[in-house]
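What follows is one structure encoded as structure tokens, with my remarks underneath.
The values are calculated or read from the model by the stated rules, or taken from the named source; none is laboratory data. Quantities reported herein were computed from a predicted structural model and do not represent experimental measurements. With ideal geometry, Cβ positions are generated from the backbone for all residues, glycine too; neighbour counts draw on all protein chains shown. Surface areas here come from the heavy atoms of the whole protein model, side chains and all, with no ligands, DNA or RNA. Shrake-Rupley method; radii C 1.70, N 1.55, O 1.52, S 1.80 Å.
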Amino acid sequence: MNPRYLVLALILLLGVAPLLLPPYYVTLLNYIGLYTLVVLGLVLLTGVGGMTSFGQAAFVGLGAYTSAWLTTSEQLPAWLAWASTSPWLTLLVGVMLTAGVALLLGALTLKLSGHYLPLGTIAWGLSLYYLFGTLESLGGHTGVSGLPSISLFGLLLDKGEKIFYLIWAFLLMAILITQNLLNSREGRAIRTLKGGQLMAESMGINTLRSKMVIFVISAVFAAISGWLYAHTQRFVNPTPFGLNMGIDYLFMALIGGVSSVWGALLGSSVLTLLKQWLQDWLPHLLGDSGNYETIVFGLLIVLLMQRAPGGLWPLLVGWLPKRFKARSRGPAVDASAPPLPRREQPQHGQQVLEARHVSRHFGGLVANNDMNLKIHSGEILALIGPNGAGKSTLFNQLSGVDTPTSGEVLFMGRKINGLSSRHVARMGLSRTFQHVKLLPEMSVLENVAIGAHLRGHRGILAAALHLERREEAMLLNEARLQLERVGLGDCLHEQAGSLALGQQRILEIARALCADPCLLLLDEPAAGLRLKEKQALGILLSRLRSEGMAILLVEHDMDFVMGLVDRVVVMEFGQRIAQGLPEEVQKDPAVLEAYLGGME
Ligand code: ADP
Ligand code: MG
């Protein structure tokens, strides 16, 4: 059964709910809708992006107060008077203001790491809350009353069961937009934020931009929820926009399951209903009044976090009969999509990369000392040496992940010292990692499509409205082609994390190829591969070479290197101790010494 039917059933139920339910329950459903809209933003921000925000309630307040002030104030400045005529115009102002504030706060806080980011969100959450309570024009702690109702197509939404439809329409739209966005090129970039930022930057993704995007989207969702709230209540005061509510929103996200869009709906339903019932029933049970519900609720949360740290949604999906579950993981591929345009490749034999006297010091440790090497198009150069010789460090200097302490790196004739890995990727350098870096829960196909990030151009808006189908089909088809090229054509829709380690390395090569590079940097690509797989890898690399690719690879396996590569550079203790043809290097006494010493 297609899960779409479940969504359709939900929409039908929602359609008849206000007609059948008593007003009390309609009001509850309104709250659930309003909360879910905010929590949806948290799913994006925290669940997908890995950033915890305690400050979402403040954005709700911003949306609510903007509209409250504009629709009720007697002394609006003349240039704003146009906005006071309709709540729809104040929504526009509220959304723009919130997006502006979010951009500013994001620029200030999103670079913070670890616990500083959540602390930062608490700080501005509190500031905005106190601002609402302090400004006299916003009514101080008593707030603003007498807000007009929203009217839609001439219909005044002045009752709970009328505005119900508007709230849920906004929510369903937001869910649709979020899902579209996550299943797009921009969405894949966003999904790398949690645990894959170094890799993402190496694929040309601007991770700070992606963070900013979801930060602003989540703030705008919250502001819309605030606007709807303000015109449902027709009254605002600061209380619902404080830190307590910010924490409750996070709880809802955690209860439902922070990594799923539907978890947001489940979480806010459970929290809202549970709080309501506890509030109603506990005084009966305990024969006393008091804030028992908060205490019991706290205990329940702790229990839930213990038992189901992923939230309730994954549990629920686990209980569903098989036929309700989505059949395939990730998007389908259209093999007839036209190919992506290719980069202009350098002439065969042209120098692509040169390291000149590159040194890298880590405090007193000299990890690279005066390293020199050159790579040409149509050539495979192996960088070998015992463990700790400095090979991976040199890779980082060459690919913009790190900056040399001294010396120069030239790529395609341009000095790239100090350029970010993102820029270097754009110029045509693509790499794999010694310790595989992929997104284990994403499908193989989508992981590889991350490599094609720079070959797509459609932005957030096109993604949210799903207007980039053509480009998306081309990107996914490119990923499929590269996966077939490396021999992983059979596992397009498997979870990347379920592949064997050797296959994950091959996946990284496909991802690197997706960028259409002119230089490939492979850090120990054959590690963990079985003999057959190594042979296949050797054939693949030879074929790439004959197509004009320049390849630099770090490798331990001498047999693999010797039969394959054109030249070898040998490192020990951060220095080059030999270079030349494989057979020459193999006989070099210094190399034999280093290897027999280092490989034991
Ligand atoms: P290889 O890849 O050849 O095995 P590496 O380049 O990983 O070697 O490491 C070379 C040396 O530099 C090692 O002694 C390692 O501990 C050190 N090193 C690498 N990265 C860092 C870092 N970020 N900070 C401090 N020391 C480092
Ligand atoms: Mg290494």
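Of the chymotrypsin sites (Phe, Trp or Tyr not before Pro) found in region 24-95, none is in coil by DSSP with at most 10 other Cβ atoms within 10 Å of its Cβ.
Can you give the accessible area per residue of region 524-600, in Å², using a 1.4 Å probe?
Result: 51 Å² of accessible area for each residue.
Each Lys or Arg adds one and each Asp or Glu takes one away; over the other residues whose Cβ falls under 14 Å from the Cβ of residue 120, this sums to +2. Each other residue within a Cβ distance under 15 Å of residue 354 adds +1 if Lys or Arg and -1 if Asp or Glu, for a net charge of +3.
Using only side-chain charges placed at the Cβ, +1 for Lys and Arg and -1 for Asp and Glu, the dipole size of region 116-188 relative to its Cα centre rounds to 260 debye.
For region 144-227, applying the loop criterion from DSSP together with a ceiling of 16 other beta carbons within 10 Å to the trypsin sites (Lys or Arg not before Pro) yields 159, 194.
Taking the DSSP bridge list for the chain and keeping only pairs wholly inside it, about 60 percent are antiparallel.
Determine the sum of side-chain charges near residue 420: Lys and Arg each +1, Asp and Glu each -1, restricted to other residues whose C-beta is under 10 angstrom from that of residue 420.
Cβ neighbours under 10 Å give a net charge of +1.
Calculated accessible area for region 31-243 comes out at 38 Å² per residue, all protein chains present (probe 1.4 Å; ligands, DNA, RNA ignored).
Between their Cα atoms, which of 415/532; 437/587; 437/534; 162/275; 111/391; 162/211 are more than 28 Å away from each other? Check vs 28 Å cut-off fails for 415/532; 437/587; 111/391; 162/211.
Just from its helices, what would the mean residue ellipticity at 222 nm be for the chain, if runs of 4 or more DSSP H residues each count -39500 (n - 2.57) and the sum is divided by every residue, rounded to the nearest 500 deg cm²/dmol?
Numbers: 23 runs with 319 residues, N = 600.
Calculated at 222 nm, the ellipticity per residue is -17000 deg cm²/dmol.
What you get for region 31-243, charging only the Cβ of Lys and Arg (+1) and of Asp and Glu (-1), is a dipole of about 580 debye around the Cα centre.
Within the accessible area of the chain, the carbon and sulfur atoms contribute 60%, probe 1.4 Å, all protein chains present.
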